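Enquirer: First, the structure itself, so that you have it in front of you.
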Amino acid sequence: MEYGTLRVHTPDGQVREYPIEVPSVVVGRAEGNGVVIDHVTVSRRHAQLRIEDGRLIVEDLGSATGTFVAGQRIPSNTPNLVEEGSTLRFGDAEALFLVPVAAMAQAVPLAGMGPGAASATDSQATVAVTLSSPSAPVAAGATTTGTVVIQNRGNVVDQLTISVADIPAAWVRLSRQQLSLVPGARDEITIVIQPPRTAEAVAGEYPFSVSVLSREHAREVRVLGRFVVLPFEAFTLALQPTRSTGDFRVVAENGGNAHASYQLAGRDDEAALEYRFDKDNVQLAPGARETISFDVATRKRKLFGKVAAVPFKVEAQPVGGGVQKAAADGQLAVRPPLRHWKWPVIGVLVVAALGGGAWGYRSNCSGDMPFCSASGGDGDGGSQPAAPTATAEPTAAGTAAPDGLRNGIAAVIQNSPEGNCLRVREYHTRRTDDPRSKVIGLLCDGDRVQIVSDSVIDEGFIWWTIDNGEGLLGWAAEKQVTGGDVFMVPAE
């Protein structure tokens, strides 16, 4: 008597069927068992199978790697009823018990079908279907498989159409969608399920159904299955704009397939900035995005100085079990409000200091002090202080220097050989802390230029604005006020 068949899949890809001809058999690795599975994860006497009233009962015999029914490990030495179509696993070897034709029950038909639909107890049912769902959860983007076993219980050749419902069609492939079975024949269809690695494949359990339609009898049989999609994280941050004087927006997007909760914070290497977020906690469903405004400012405000770009990061730390972090880089543009007035302010302060010093000197003038009257300058109508003796001073701006250079004439460069040419600057200064001292060109011996300004004395040099007629326009030193080499002379 045939009680059924045990179809075993081993990890090396082999499939073998064991006819069950007695109501009780032992499954194990040792020779002499009713079902011998030669695999290292199967114990010598692993489990016992019993068929009682057409139902399968399995009992683990204290195996090291365990016996599983529908993915759940069963306790040792305890009989467990196996529902029709449920998968078994002995160690790493998967198995499916197939009921013989004479005893196989018809699967539950699709509810709501017409008068031709077969019921679970219809003795005239002609198609038997069993489904083995995927036994392990699947990662989004990966594949998992299930198996449909179909048997023709009728007495004529039948054409069968197989389809999968209740999950997106793009996720599913069938090894065959059409099947032709002679009476009593049985065949197997593989279902390949691949959920995409997108937010669309939300983590969790997915029930589905497999439909088998008989063309010969116009009947549809449907069996139910399930699979589980594992969660994955894909959280990103982006700044808009990436550089600003203080106003920013951070765009948070959850590209994963599970709910995401993150805490936002700003960070810079010098801890010189302050961050104020409209909200610092973001919670997003799969595929959702949110834009959050925030301000960045310096902790100490500078009135003077150069425009600077201070780099910083916005970081997102997962809350409640996540592991993926996210960050976005930005720059704060720092622009001191009085940056253009530094030198005018310093000049005003210097003039004020000199004026105050002169006033203090005159207020305390006595007869033995320079530039004071013999009477001590007491203001009583006595003799006035003598005029100070004139001292030699550099030529003032707007006057011609003694060597004949003046505004509007041509000049020629000398004492500036190749390799040590005369520097032309943006402004009449050589101070390294003044950005206007930038060198914009060079003039060498024999170069001709046009003088296009009056002279200016600064830092001990006499300066002129020159134009070489080829786009070079800036300040060049004629010579030192105290003498020495002369670098520009009137052209002949």
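The values are calculated or read from the model by the stated rules, or taken from the named source; none is laboratory data. Computed from a predicted structure; not experimentally measured. Note that each Cβ is placed from the backbone with ideal geometry, even for glycine, and that neighbours are counted across all protein chains shown. The accessibility values were calculated without ligands, DNA or RNA, using every heavy atom of the protein model including side chains. Shrake-Rupley method; radii C 1.70, N 1.55, O 1.52, S 1.80 Å.
Table: residues versus (1) modelled with pLDDT of 90 or more; (2) open to solvent by 40 Å² or more (accessible area, probe 1.4 Å); (3) small (Gly, Ala, Ser); (4) closer than 30 Å to Val138 by Cα.
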residue: Leu264; (1), (2), (3), (4): yes, no, no, no
residue: Asp278; (1), (2), (3), (4): yes, yes, no, no
residue: Leu284; (1), (2), (3), (4): yes, no, no, yes
residue: Ile292; (1), (2), (3), (4): yes, no, no, no
residue: Ala309; (1), (2), (3), (4): no, yes, yes, no
residue: Ala327; (1), (2), (3), (4): yes, yes, yes, yes
residue: Arg335; (1), (2), (3), (4): no, yes, no, no
residue: Trp341; (1), (2), (3), (4): no, yes, no, no
residue: Pro344; (1), (2), (3), (4): no, yes, no, no
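Enquirer: To continue, here is another question. Have a look at Asp269, Asp280 and point out the one that is over 30 Å from Ala203 (Cα atoms) and within 23 Å of the chain's Cα centre (by Cα).
Expert: Result of the check over Asp269, Asp280: Asp269.
Enquirer: Right, something else. For the range 180-231, which strands (runs of 3 or more DSSP E) that fit wholly inside it have 2 or more residues that are within 14 Å of Ile167 (Cβ to Cβ), at pLDDT 90 or above and aliphatic (A, V, I, L, M)?
Expert: 186-193, 219-230
Enquirer: For Gly320, work out the one condition from (1) of a type in the set (Gly, Ala, Ser); (2) open to solvent by 70 Å² or more (accessible area, probe 1.4 Å); (3) at pLDDT 85 or above it doesn't fulfil.
Expert: (3)
Enquirer: Looking at (1) in contact (Cβ under 8 Å) with a residue 60 or more places away in the chain; (2) surrounded by fewer than 16 Cβ atoms within 10 Å (Cβ to Cβ); (3) not charged (D, E, K, R), which is the one condition that is false for Gln178?
Expert: Just one mismatch for Gln178, condition (1).
Enquirer: While we're looking at this one, here's another question. Failed condition for Thr242, given (1) more than 28 Å from Pro134 (Cα to Cα); (2) touching a Lys or Arg at 6+ places or on another chain (Cβ under 9 Å); (3) hydroxyl-bearing (Ser, Thr, Tyr); (4) touching a residue at least 40 places away in the same chain (Cβ under 8 Å), with all others met?
Expert: (2)
Enquirer: Which pairs turn up if I take residues in the range 427-456 that are part of a helix (DSSP H, G or I) and look for partners that are aromatic (Phe, Trp, Tyr) and surrounded by 14 or more Cβ atoms within 10 Å (Cβ to Cβ) with beta carbon separation below 6 Å, at least 6 apart in sequence or on another chain?
Expert: Correct list of pairs: Arg436/Tyr427.
Enquirer: Still on this structure, please answer the following. Need the failing condition index for Ala117 against (1) modelled with pLDDT under 90; (2) assigned to a strand (DSSP E or B); (3) touching a Pro at 6+ places or on another chain (Cβ under 7 Å), just the number.
Expert: In the conditions (1) modelled with pLDDT under 90; (2) assigned to a strand (DSSP E or B); (3) touching a Pro at 6+ places or on another chain (Cβ under 7 Å), Ala117 misses (2) alone.
Enquirer: Kindly check whether there is at least one residue in the range 199-218 that is among the hydrophobic types (A, V, I, L, M, F, W, C), in contact with a Ser or Thr (Cβ under 7 Å, 6 or more places away or on another chain) and surrounded by 21 or more Cβ atoms within 10 Å (Cβ to Cβ).
Expert: Looking through the range 199-218, none of the residues is among the hydrophobic types (A, V, I, L, M, F, W, C), in contact with a Ser or Thr (Cβ under 7 Å, 6 or more places away or on another chain) and surrounded by 21 or more Cβ atoms within 10 Å (Cβ to Cβ).
Enquirer: Follow-up question, since we're still on this one. Looking at the range 214-223, is at least one residue in contact (Cβ under 8 Å) with a residue 12 or more places away in the chain, touching a Leu at 6+ places or on another chain (Cβ under 8 Å) and of a type in the set (S, T, N, Q)?
Expert: There is at least one residue in the range 214-223 that is in contact (Cβ under 8 Å) with a residue 12 or more places away in the chain, touching a Leu at 6+ places or on another chain (Cβ under 8 Å) and of a type in the set (S, T, N, Q).
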